[in-house]
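Here the structure is laid out as structure tokens; the discussion comes afterwards.
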Amino acid sequence: MNIGPYSFEEFLDKAAAFHGNPAPGLIIGGYMVERAKSLLPDGTLFEALVETPKCLPDAVQLLSLCSTGNGWMRVLNLGRYAVTLYDKYTGQGVRVHLDLAKLEAWPEIKSWLLKLKPKAEQDKSKLLEEIRRAGDSILSDGPVTISPRHLGKKNMGPVGICPICREAYPANDGSICRGCRGEEPFAGAANEPERQCPPELLAVPVDEAVGRVALHDMTRIVPGLTKEPAVLAGQVISAADVEVLKKMGRFTVYVAAAGEDAAGLVHEDEAGRAFGRAMAGEGVYCSETPREGKVTFFAGRDGLLCIDRQALLCFNQLPDVICATRQGDLVVEKDRPFAASRAIPLLMPRASFEAALAALGDGPLFQVLPLRRASAGILVTGTEVAGGMIEDKFIPVVRDKLAALGGTVVASDIRPDDRREIALGVRGLLDAGADLIVTTAGLSVDPGDVTRLGLLDAGLTDMLYGMPVLPGSMMLLGRIGETQVVGIPACALFHKTTALDLLLPRVLAGVRITRGDLAAMGEGGFCLQCKACTFPKCPFGK
């Protein structure tokens with residue numbers, strides 16, 4: 001049986017010339033590609049999706065115009081020996097795979113596919129002969145439709161110049177290229193330029209610095225007592241200053257060389273001021289005067305600290321700058337510091353400075369969002385509580401947590417584990433003017449726990465149920481019209497700190513919470529349940 005325009009022997013030669021040897025996977029792949037091509041309508045302009053990087057992609061490139069270079073072939077490593085050829089416009093195509101059920105009559109092929117014996121023990125000539133005789137009888141196929149997200153050729157987007165290696169790279173990869181991010185496979189030191197004194201700076205003995213202008217802050221540290229600048233940038237150095245600097249162990253200072261300027265360089269304090277303006281958003285202010293290139297950020301009000309994490313990562317990947325923050329998505333207090341940014345060298349290259357500003361993008365890095373003063377309705381569910389067999393203790397717990405965040409309780413109700421009763425209770429809280437409904441219990445997998453069903457009957461939409469946080473993994477979020485809904489599992493009654501303490505501030509700040517946001521809370525989502533709880537001054541939620 002021929003493989004495309006080639007006899008079996010001719011295709012072995014083509015495979016050897018292209019691949020280095022007539023690999024069995026490539027030869028079988030030839031039959032697979034030809035099967036798929038034969039099942040496409042005549043004239044179809046097709047692309048290829050290959051589910052393994054092993055050998056099969058070379059068969060596609062040998063027998064079609066599709067290649068990785070022209071973008072018409074994509075390798076999606078699903079670990080399966082299969083190839084799909086599909087109409088590049090509609091996504092409709094044919095998937096062909098090596099069918100294990102059809103290999104019983106071909107022991108050498110089966111042994112090769114399942115690696116039943118070491119490669120050194122395989123009889124390659126016998127294996128190739130089986131492949132020749134089997135042809136495409138060992139294959140199966142079926143119609144498929146490629147999802148829209150896999151259609152079309154992805155545009156590389158704008159091209160930038162990496163500020164570290166100075167090579168061109170796709171700017172969508174981030175503020176620096178992937179190689180300089182640590183993904184390059186080369187042994188040796190990172191490709192980061194040495195930070196050294198720029199040629200425009202001159203170090204002079206401190207005794208000769210009297211009357212000269214200090215180019216940077218010089219900090220005096222007294223262990224356990226103080227850490228503050230003894231000489232400020234821009235200050236004219238006096239004889240008294242010289243004595244203080246000597247006691248600090250400073251015997252040289254940097255001054256501008258005569259007749260030269262710092263063209264192409266940005267002073268650390270100028271950079272700090274620019275970073276402060278770019279990073280501070282709504283509800284945030286920063287120190288007016290940088291110290292040693294450092295600017296500190298403060299909460300302009302009580303609220304939820306929101307951080308553009310992608311921009312922060314891009315900024316910190318660049319040389320010559322850093323920004324350190326508290327954990328985002330936690331409540332911060334007015335006038336308390338939560339972050340600082342710094343230009344590391346005294347004078348940083350303007351190209352590095354501009355790259356750092358570009359990494360921050362158009363939006364601010366930090367915002368402190370106000371928490372709305374919720375008018376909450378609390379719905380306790382449980383037949384044993386509604387029937388008076390057990391005293392309710394949920395309402396005071398929830399009331400206290402809401403009050404700590406500025407909220408009030410406008411109504412509360414207790415309903416049995418009955419979905420109709422729960423739905424009626426919800427409607428009653430809405431009629432009482434609640435703009436936040438908090439339900440308690442009834443969220444486990446027990447057959448009698450029907451709180452979710454009752455909420456759905458009451459009109460709950462956009463429901464998110466379950467999150468990787470302990471305690472509180474069965475939390476529920478959603479909305480009924482414009483009213484937010486938070487469902488608390490029974491653990492909130494027994495543990496002082498739960499998932500509720502992580503989610504409630506976000507809800508009150510109006511932050512849209514997605515399943516991806518919840519998934520990201522898995523790291524740091526395990527509460528140690530300390531005897532003396534210090535939350536939020538602990539690792540929980542961080």
Scanning the stretch 510-527 residue by residue, the ones that are assigned to a loop (DSSP other than H, G, I, E, B) and touching a Pro at 6+ places or on another chain (Cβ under 7 Å) total 5
Taking the stretch 358-390 and keeping only residues that are surrounded by fewer than 19 Cβ atoms within 10 Å (Cβ to Cβ) and within 35 Å of the chain's Cα centre (by Cα), one is left with 358, 361, 362, 363, 370, 372, 373, 375
Subset of the stretch 418-452 (residues that are touching a Lys or Arg at 6+ places or on another chain (Cβ under 7 Å) and crowded, with 21+ Cβ neighbours inside 10 Å): 422, 425, 443, 450
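Considering each residue of the stretch 87-108, count those that are among the hydrophobic types (A, V, I, L, M, F, W, C) and not in a strand (DSSP E or B), and give that number. Walk me through how you get there before you give the answer.
Going residue by residue through the stretch 87-108, those that are among the hydrophobic types (A, V, I, L, M, F, W, C) are 94, 96, 98, 100-101, 103, 105-106.
With the extra rule that they be not in a strand (DSSP E or B), the set shrinks to 100-101, 103, 105-106.
Total meeting the criteria: 5.
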List the number of the failed condition for residue 472; all other conditions in (1) free of Cβ contacts under 8 Å to residues at least 40 places away in the same chain; (2) on the phi < 0 side of the Ramachandran plot hold. (2)
From the list 322, 390, which residue is part of a strand (DSSP E or B), of a type in the set (A, V, I, L, M, F, W, C) and over 19 Å from residue 505 (Cα atoms)? 322
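Give the stretch 397-416 a look and list any residue that's in a strand (DSSP E or B) and either among the small types (Gly, Ala, Ser) or outside the structural domain of residue 433 (by TED's automatic domain parsing) (or both), or say none.
Let us first name the residues in the stretch 397-416 that are in a strand (DSSP E or B), namely 408-415.
Once the filter is applied, which keeps residues that are in a strand (DSSP E or B) and either among the small types (Gly, Ala, Ser) or outside the structural domain of residue 433 (by TED's automatic domain parsing) (or both), the stretch 397-416 yields 411, 412.
Those residues that are assigned to a strand (DSSP E or B) and among the aliphatic types (A, V, I, L, M), I need them from the stretch 473-482; list them, please. Outline the logic, then answer.
Just the residues of the stretch 473-482 that are assigned to a strand (DSSP E or B), to begin with: 476-480.
Within the stretch 473-482, 476, 477, 480 meet the criteria.
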Of the residues 541, 459, only one is in a loop (DSSP other than H, G, I, E, B) and within 21 Å of the chain's Cα centre (by Cα); which? 541
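Taking residue 160, is it of a type in the set (Gly, Ala, Ser) and surrounded by fewer than 16 Cβ atoms within 10 Å (Cβ to Cβ)?
Working: of a type in the set (Gly, Ala, Ser): yes; surrounded by fewer than 16 Cβ atoms within 10 Å (Cβ to Cβ): no.
So residue 160 does not fit the description; no.
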May I ask you to say which residue of 507, 485 is in contact (Cβ under 8 Å) with a residue 40 or more places away in the chain, outside any helix (DSSP H, G or I) and surrounded by 13 or more Cβ atoms within 10 Å (Cβ to Cβ)? 485
For the stretch 63-86, state whether one or more residues are in contact (Cβ under 8 Å) with a residue 12 or more places away in the chain, in a helix (DSSP H, G or I) and out of contact with any strand residue (DSSP E or B) (no Cβ under 6 Å at 6 or more places or on another chain). yes
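The values are calculated or read from the model by the stated rules, or taken from the named source; none is laboratory data. As the structure is a prediction and not an experimental result, all values here were calculated from the model. Here the Cβ is made from the backbone with ideal geometry for all residues, glycine too, and neighbour counts use every protein chain on show.
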